[in-house]
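These notes are about the structure you will find just below.
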Amino acid sequence: MQNAIVDALAHLGGLEPSSVRAVTALHLVEHLPLDALLELLALAARVVRPGGLLILETPNPENLVVAASRFYLDPTHRRPLPPDLLAFLVGARGFDIVEVRRLERPEQPRPITVKPEEGGEALSGVVDAVNAHLFAPSDYAVVARRP
C-alpha cells in the first residue's frame, strides 16, 4: 500500500497546475498518515482547475459496526476519518462547496423498531439513537469544488 500512496502523490505532483477536471480517491484516505493526507489535498487543490471536483470516499465511522469492527478487517487502514473532520481538511486546503454524502447501499440492514405495546413511545428516542449509529451508511464521500 505504501508504494500506491507514493505513486499517487508523485503522479499528482507531476501534473500541471489547474490541469484536471477532477481528482477521485476511493478508499484511499483511510490508509494515509495525516501528513500524506494533507499533501494529497494540497496537490489536488493545485491540479484541479477552477470549478473542478475532488471526490473522496471512505468508510463511515458514524456507523458503529464499521467504526468498531469492519474498519479493522483491513490491516492497512490507519484510522477512521469522521466526515466532519475530512470535510474540514478539504475546505482548509482550498476547496469550497464541500459536501458530505452518506452513501446508502441496497444491502443496508433494516433499523430496529419497537411496537407501542412494547413501550415504543418511551423508548423511541433511544431506539432512534441506536438506529442512527448502527444503521448509518457504511461509507461516505466528500465532494468538493475548487473555486
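Every number here is computed from the coordinates shown, using simple stated rules; none is lab data. From a predicted model like this one, the values you see are computed outputs, not experimental measurements. No Cβ is skipped: glycine too gets one built from the backbone with ideal geometry, and neighbour counts run over all protein chains shown.
Taking only the C-alpha atoms, wrap a convex hull around the chain and report its volume per residue in Å³ as a whole number.
Numbers: hull volume 17.4 nm³, N = 147.
Each residue corresponds to 119 Å³ of Cα convex hull volume.
Inverting the mean 1/r over all pairs of different Cα atoms, compute the Kirkwood radius of segment 1-45 and quote it in Å. Mind showing how you got there, number by number?
Details: mean 1/r = 0.0921 Å⁻¹.
10.9 Å is the Kirkwood radius here.
Would you mind checking which residues have amide H under 5 Å from HIS27's amide H? H placed 1.01 Å from N; only 5 or more apart, or other chain.
GLU57, THR58
Could the peptides 55-61, 15-21 be put in order, highest first, of the mean number of other beta-carbon atoms found within 10 Å of their residues?
Taking the mean over residues of other Cβ atoms within 10 Å, the ranking is 55-61, 15-21.
Take each of the peptides 7-14, 91-98, average the number of other beta-carbon atoms within 10 Å over its residues, and list them starting from the highest. Show your work: numbers first, answer last.
Details: 7-14: 13.1, 91-98: 15.4.
Order by mean packing, descending: 91-98, 7-14.
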